[in-house]
Amino acid sequence: AGSDAEFAEAQTLLGDMAKSIVRCGKVGSGQVVKLCNNMILGQHMVAVSEAMLMGTKLGVDAGTLAGVINTSTGRCWSSDSYNPYPNLMPGVPASNNYAGGFGATLMLKDLGLAIEAAKTADMNVTGALNAQKVYTEMTAKPELNQLDFGGVIKQIDSQKAQ
């Protein structure tokens, strides 16, 4: 959360909504931190989806592939806790036809906000722009736009090599 003063009061209120509350700086900094985090998350999910599809299409077992990734340098939350590969992990949207979770439209919104914020910092965020493009294409499809953001694996799978 961002706060110029009275952080202790806000912390008490926010305690019912979050398990971790961090003072990020002045008012508005909490939003910046959220956008930075979701900018990474959106890119990670695209990268994990691409890697899981490539590995399995080239004959590697999904569980084996995820196991190696999750004990190697490719490990991230999108691979070890929320893997987008269907039916690989119990209790995640990928094992429930991508129902529930954090909607792809919300991820697209956050990527757009992060990209706009980057412009105010005079930055080029190529990775975020690429993820935005993939989520834009996904959410333009009626059969995909209501899915969890891990459903981006379906969008990626529908594209042909370039």
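Looking at this model, which pairs from 34/154; 109/141; 34/119; 119/154 are more than 19 angstrom apart at the alpha-carbon?
Among 34/154; 109/141; 34/119; 119/154, the Cα-Cα distance tops 19 Å for 34/154; 119/154.
Report the Cα centroid-to-centroid distance between region 28-56 and region 107-150 in angstrom, as an integer.
Centre-to-centre (Cα) distance: 10 Å.
Put +1 on the Cβ of each Lys and Arg and -1 on the Cβ of each Asp and Glu in region 25-162; which of 90, 121, 101 then has its Cα farthest toward the positive end of the dipole?
In region 25-162, that residue is 121.
Give me the percent relative contact order of region 71-162, please, defined on Cα pairs under 8 angstrom at least 6 residues apart.
31
Let me cross-check residue 20: its accessible surface, 1.4 Å probe, with only protein heavy atoms counted, in Å² to the nearest 10?
Surface accessible to solvent at residue 20 totals approximately 80 Å².
Do any trypsin sites (Lys or Arg not before Pro) in region 121-162 lie in a loop, going by DSSP, with at most 12 other beta-carbon atoms within 10 Å of their beta carbon, and if so which?
Loop-located and lightly packed - 160.
With an 8 Å cut-off on Cα pairs and a minimum separation of 6 or more residues, tell me the relative contact order of region 103-154 in percent.
Relative contact order, region 103-154: 53 percent.
Rounded to whole Å and sorted largest first, list the principal axis extents of the Cα atoms in region 40-124.
Taking max minus min along each principal axis of the Cα atoms, region 40-124 gives 44, 28, 20 Å.
The values are calculated or read from the model by the stated rules, or taken from the named source; none is laboratory data. Here the structure is a predicted model, which is why all the values come from computation and not from measurement. We place every Cβ from the backbone using ideal geometry, glycine too, and count neighbours over all the protein chains shown. Each accessible area value is taken on the protein alone, full model and side chains, heavy atoms only, with ligands, DNA and RNA left out. Shrake-Rupley method; radii C 1.70, N 1.55, O 1.52, S 1.80 Å.
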